[in-house]
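Scroll down for the structure; my scribbles are underneath it.
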Amino acid sequence: METIIKSAIKGGEFLIKETTFDSIFIPEEWNEEQKMIAQTCYDFLAKEVWPILDKIDAQEEGLMESLMNKAADLGLLGLNIPEEFGGFEKDFVTGMLATETLGAGHSFAVAFAAHTGIGTQPILYYGNDMQKAKYIPKLASGEWKGAYCLTEPGSGSDANSGKTKATLSADGKHYILNGQKMWITNAGFADVFTVFAKIDDDENLSAFIVEKDFGGISLNPEEHKLGIKGSSTRQVFFNDCKVPVENLLSERGNGFKIAVNILNMGRIKLAAAALGAAKVTATKTIQYANERQQFGRSIAKYGAIKYKIAQQAINIYACESALYRATQNIEDAIKSYEADGLSHGKAILKGLEQFAPEAAILKVTGSEVLDYVVDEGVQVYGGMGYSADAPMERAYRDSRINRIFEGTNEINRLLTVDMLLKRAMKGELNLMEPAMKVIQELMSIPDFNEEEQTLFSESKKYIAQAKKAVLLVAGAAAQKLMMDLAKEQEILMNIADMVNDVYLAESLLLRVEKLVAIQGEESAKVQLEMLKVYLFDAMDNIAKNGKDAVCGFADGDDLRMLLLGIKRFTKTSAVNTKNARRIIAEVLINENKYCF
Ligand SMILES: Cc1cc2nc3c(=O)[nH]c(=O)nc-3n(C[C@H](O)[C@H](O)[C@H](O)COP(=O)(O)OP(=O)(O)OC[C@H]3O[C@@H](n4cnc5c(N)ncnc54)[C@H](O)[C@@H]3O)c2cc1C
């Protein structure tokens, strides 16, 4: 059934507006072409990548480049690139599905994401016509490989503090680059680098397109890493590197903005890639649990193992629901900016900027869901989970980087709250009015009139209440601490986690509701169980984070009132989560794979 999506919600508004299920996209709605692209990506991994993971991790000479070239031959490097530059001009949602599927490619996935994302996009979205014409066709075809040089030894999370310098040559024809970049993905084989540097004593970074052959570039040997060992990661040194003035990207001083906006895209794509890896890992976990016999039965028959399998699936399904809800929101925003006359590139950047809070939420969630899935994967494999001869050991090591790059998860949690509060202060997001209403409601007598509820009406009530809990805690923290709130990071982390839980739980609810509307309740039986478990846990997490937060800044009557409010807004009826998880696990075990 084709469904029409009607949405005009803005980034962050999920906290104060009710979303209806017909305004979201759900992965059960992929069309045939999208499924075919996903299958091509999957087949590519199965044929070209998975059989040679050891060789890839040993960084065999030329191997990663040859894999990138093979992916290019299938058109995978140019999926989102306009046709005029040799790409396939697929929409944002389709590109995300390809990223998700290829995300299970371990080190290859990192090289692919770095090339097509941070390696190509700065030029694609900020380059002028000449720059795009010169570089994008080569990047789309894989003839040239891309890398992105932002981080320095002394400048990581504080990215604008880099020391790399650019000075104009005496004849005014070149910028002379000097400095050191660190942790640069694809550096070992990249032909073109987007390099961030400060011109003279500028406060802000500028960005430059730097070809390897410009000279004055040298590389350190490959870093020895915990995981993604096949991904090239090196330090890059610029020693009087002569960059033609026409290779300044965008305008002088615009580099930090470019870096931030490209990271918005990187964050949501990282969530997609993590999701793809998590699905494949869950399948391996289920298959091993079915095969492995202990005490005369397969370990999949034990409740402790069923719990892990079910929880892997619940986390994956919830993350996927939120990922494609946000992706479709961005797609809708892109279309509406284009309708207002913006170019496609500018519309993409504006759409991503609009949903930057959701992208940060998803970066944190995707990376942490994958970490949960690989960790329990190792546990289900037991001793074999610890063996480098079985797949979980690599999955476990390769997952860990996702919480560190594209902005650490701490930075992304801080950003989520910071962006929401700044939008509220600017009047773009009306948090104040609903927050005041919550206080008023708290002063009034609760409505004890318990009407008969359906699962959906009850779940919706929980979500609405959970949003009130967030507004209560965030509002009280902002009011009490004012400018000092920025220094109380523990409280900001609590609020970020509450916001994440609300977004994920609501996304899951809307997906299941839409699924039931499209396919009927019978076909969504397991998903309904997932919803019950997820909500039950999320409400508890929200309560715990809320309590931790308010105990950190309130006291006396204020504290008592806030604790009472949190209790009232996070109350749920009892759920037999043990049975629900068993139902979910049984289906996965019977199917012998992650199947939702
Ligand atoms: C394998 C790999 C590949 C990478 N690829 C690239 C690449 O291609 N291009 C590129 O430019 N960079 C790349 N990076 C760099 C990556 O983006 C940075 O490592 C990351 O941004 C963190 O910076 P840092 O390592 O300096 O850590 P730091 O910034 O030193 O952070 C250390 C710890 O302190 C915390 N912290 C820092 N500041 C704050 C704060 N204000 N409040 C609270 N906590 C804080 C962090 O969350 C973290 O837990 C890569 C890194 C790795 C490991």
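State whether one or more residues within the range 189-204 are within 15 Å of the ligand (Cβ to nearest atom), crowded, with 22+ Cβ neighbours inside 10 Å and of a type in the set (Gly, Ala, Ser).
There is at least one residue in the range 189-204 that is within 15 Å of the ligand (Cβ to nearest atom), crowded, with 22+ Cβ neighbours inside 10 Å and of a type in the set (Gly, Ala, Ser).
Check the range 437-447 and report whether any residue there is part of a loop (DSSP other than H, G, I, E, B), within 16 Å of the ligand (Cβ to nearest atom) and either of a type in the set (Ser, Thr, Tyr) or touching a helix residue (DSSP H, G or I) at 6+ places or on another chain (Cβ under 9 Å) (or both). Reasoning before the result, please.
Step one: of the range 437-447, the residues part of a loop (DSSP other than H, G, I, E, B) are 444-447.
Then keep just the ones that are within 16 Å of the ligand (Cβ to nearest atom); that gives none.
No.
Can you name every residue in the range 220-237 that is away from the ligand (no atom under 13 Å from the Cβ) and touching a strand residue (DSSP E or B) at 6+ places or on another chain (Cβ under 6 Å)?
Result: ASN220, PHE237.
Determine if the range 146-159 includes at least one residue that is more than 10 Å from the ligand (Cβ to nearest atom) and surrounded by fewer than 22 Cβ atoms within 10 Å (Cβ to Cβ).
Checking the range 146-159: not a single residue is more than 10 Å from the ligand (Cβ to nearest atom) and surrounded by fewer than 22 Cβ atoms within 10 Å (Cβ to Cβ).
Can you name every residue in the range 413-436 that is of a type in the set (Asp, Glu), away from the ligand (no atom under 16 Å from the Cβ) and part of a helix (DSSP H, G or I)?
Hit for the range 413-436 is GLU433, nothing else.
Condition check ((1) closer than 20 Å to LYS10 by Cα; (2) part of a helix (DSSP H, G or I); (3) among the aliphatic types (A, V, I, L, M)) across all residues:
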{"residue": "GLN311", "(1), (2), (3)": "no, yes, no"}
{"residue": "ASN315", "(1), (2), (3)": "no, yes, no"}
{"residue": "LEU323", "(1), (2), (3)": "yes, yes, yes"}
{"residue": "GLU331", "(1), (2), (3)": "yes, yes, no"}
{"residue": "GLY351", "(1), (2), (3)": "yes, yes, no"}
{"residue": "PRO357", "(1), (2), (3)": "yes, yes, no"}
{"residue": "SER367", "(1), (2), (3)": "no, yes, no"}
{"residue": "ASP371", "(1), (2), (3)": "no, yes, no"}
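Kindly list the number of the only condition in (1) aliphatic (A, V, I, L, M); (2) more than 30 Å from LEU528 (Cα to Cα); (3) away from the ligand (no atom under 16 Å from the Cβ) that fails for ALA466.
(2)
Being modelled with pLDDT of 95 or more and either of a type in the set (Lys, Arg) or in a loop (DSSP other than H, G, I, E, B) (or both) is the filter here, so list the residues in the range 91-115 that pass it.
Answer for the range 91-115, where residues must be modelled with pLDDT of 95 or more and either of a type in the set (Lys, Arg) or in a loop (DSSP other than H, G, I, E, B) (or both): GLY103, ALA104, GLY105.
Can you confirm whether GLN465 is under 20 Å from THR570 (Cβ atoms), surrounded by 16 or more Cβ atoms within 10 Å (Cβ to Cβ) and of a type in the set (S, T, N, Q)?
It is true that GLN465 is under 20 Å from THR570 (Cβ atoms), surrounded by 16 or more Cβ atoms within 10 Å (Cβ to Cβ) and of a type in the set (S, T, N, Q).
Is there a residue being away from the ligand (no atom under 16 Å from the Cβ) and under 23 Å from PHE25 (Cβ atoms) anywhere in the range 477-496?
Scanning the range 477-496 turns up no residue that is away from the ligand (no atom under 16 Å from the Cβ) and under 23 Å from PHE25 (Cβ atoms).
Using the structure shown, decide if ASP57 is under 16 Å from ALA322 (Cα atoms) and either surrounded by fewer than 18 Cβ atoms within 10 Å (Cβ to Cβ) or out of contact with any Leu (no Cβ under 6 Å at 6 or more places or on another chain) (or both).
no
Within the range 62-90, count every residue that is within 19 Å of THR185 (Cα to Cα), part of a helix (DSSP H, G or I) and either out of contact with any helix residue (DSSP H, G or I) (no Cβ under 8 Å at 6 or more places or on another chain) or among the polar types (S, T, N, Q) (or both).
Qualifying residue count for the region: 3.
Is there a residue in the range 132-153 that is closer than 27 Å to SER343 by Cβ and in contact with a Cys (Cβ under 7 Å, 6 or more places away or on another chain)? Spell out how you get there, then give the answer.
The initial filter retains those residues of the range 132-153 that are closer than 27 Å to SER343 by Cβ, namely 132-150.
Going one step further and asking which of them are in contact with a Cys (Cβ under 7 Å, 6 or more places away or on another chain), we end up with none.
No, there is no match, as no residue in the range 132-153 is closer than 27 Å to SER343 by Cβ and in contact with a Cys (Cβ under 7 Å, 6 or more places away or on another chain).
Which of the residues spanning the range 220-261 are within 29 Å of the chain's Cα centre (by Cα), surrounded by fewer than 19 Cβ atoms within 10 Å (Cβ to Cβ) and closer than 17 Å to ILE184 by Cβ?
GLU222, GLU223, HIS224, LYS225
Could you check ASP398 against (1) touching a His at 6+ places or on another chain (Cβ under 8 Å); (2) farther than 30 Å from THR151 by Cβ and say which number it fails?
Of (1) touching a His at 6+ places or on another chain (Cβ under 8 Å); (2) farther than 30 Å from THR151 by Cβ, only one is false for ASP398: (2).
Do you know which residues across the range 129-147 are of a type in the set (Phe, Trp, Tyr) and not in a loop (DSSP other than H, G, I, E, B)?
Hit for the range 129-147 is TYR135, nothing else.
Spot the failing condition for HIS174; the list is (1) buried (at least 18 other Cβ atoms within 10 Å of the Cβ); (2) within 13 Å of the ligand (Cβ to nearest atom); (3) more than 30 Å from GLU61 (Cβ to Cβ), and only one is missed.
Going through (1) buried (at least 18 other Cβ atoms within 10 Å of the Cβ); (2) within 13 Å of the ligand (Cβ to nearest atom); (3) more than 30 Å from GLU61 (Cβ to Cβ) one by one, HIS174 breaks only (2).
Go through (1) without any contact (Cβ under 8 Å) to a residue 24 or more places away in the chain; (2) surrounded by 17 or more Cβ atoms within 10 Å (Cβ to Cβ) for SER298 and report which single condition fails.
Every listed condition holds for SER298 apart from (2).
So for the range 473-483 (the condition being within 25 Å of the chain's Cα centre (by Cα) and either modelled with pLDDT under 95 or under 16 Å from GLY552 (Cα atoms) (or both)), does at least one residue qualify?
yes
Would you be able to say whether some residue in the range 206-217 is closer than 28 Å to ASP129 by Cα, at pLDDT 95 or above, within 13 Å of the ligand (Cβ to nearest atom) and within 25 Å of the chain's Cα centre (by Cα)?
The answer is yes, given that some residue of the range 206-217 is closer than 28 Å to ASP129 by Cα, at pLDDT 95 or above, within 13 Å of the ligand (Cβ to nearest atom) and within 25 Å of the chain's Cα centre (by Cα).
Quick one: would you say LYS17 is closer than 15 Å to ASN329 by Cβ, in contact (Cβ under 8 Å) with a residue 60 or more places away in the chain, out of contact with any Phe, Trp or Tyr (no Cβ under 6 Å at 6 or more places or on another chain) and not in a helix (DSSP H, G or I)?
Taking the combined requirement at face value, the residue does not satisfy it.
Name the single residue that is surrounded by the most Cβ atoms within 10 Å (Cβ to Cβ) among those in the range 116-128 being away from the ligand (no atom under 15 Å from the Cβ) and outside any helix (DSSP H, G or I).
GLY127
Given the options ILE209, ILE228, ILE262, name the one that is touching a helix residue (DSSP H, G or I) at 6+ places or on another chain (Cβ under 8 Å) and assigned to a strand (DSSP E or B).
Step by step, each of ILE209, ILE228, ILE262 is checked, and only ILE209 is touching a helix residue (DSSP H, G or I) at 6+ places or on another chain (Cβ under 8 Å) and assigned to a strand (DSSP E or B).
Residues are listed down the side, and each one gets a yes or a no for (1) in contact (Cβ under 8 Å) with a residue 60 or more places away in the chain; (2) of a type outside the set (D, E, K, R):
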| site | (1), (2) |
| --- | --- |
| PHE21 | yes, yes |
| ILE24 | yes, yes |
| TRP50 | no, yes |
| ASP54 | no, no |
| GLU65 | yes, no |
| LEU74 | no, yes |
| LEU77 | yes, yes |
| GLU83 | no, no |
| MET96 | yes, yes |
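Does ARG582 satisfy the criteria of being among the charged types (D, E, K, R) and under 25 Å from the mean Cα position of the chain (by Cα)? Break it down stepwise before answering.
On the way: among the charged types (D, E, K, R): yes; under 25 Å from the mean Cα position of the chain (by Cα): no.
Considered against the rule, which asks whether it is among the charged types (D, E, K, R) and under 25 Å from the mean Cα position of the chain (by Cα), ARG582 comes out as no.
Out of the residues in the range 400-412 that are within 9 Å of the ligand (Cβ to nearest atom) and among the charged types (D, E, K, R), state the one that is modelled with the lowest pLDDT.
Applying the filter and picking the extreme gives GLU406.
The values are calculated or read from the model by the stated rules, or taken from the named source; none is laboratory data. Since we're looking at a predicted model, the values are computed, not measured. Note: ideal-geometry Cβ built from the backbone for every residue, glycine included; neighbour counts use all protein chains shown.
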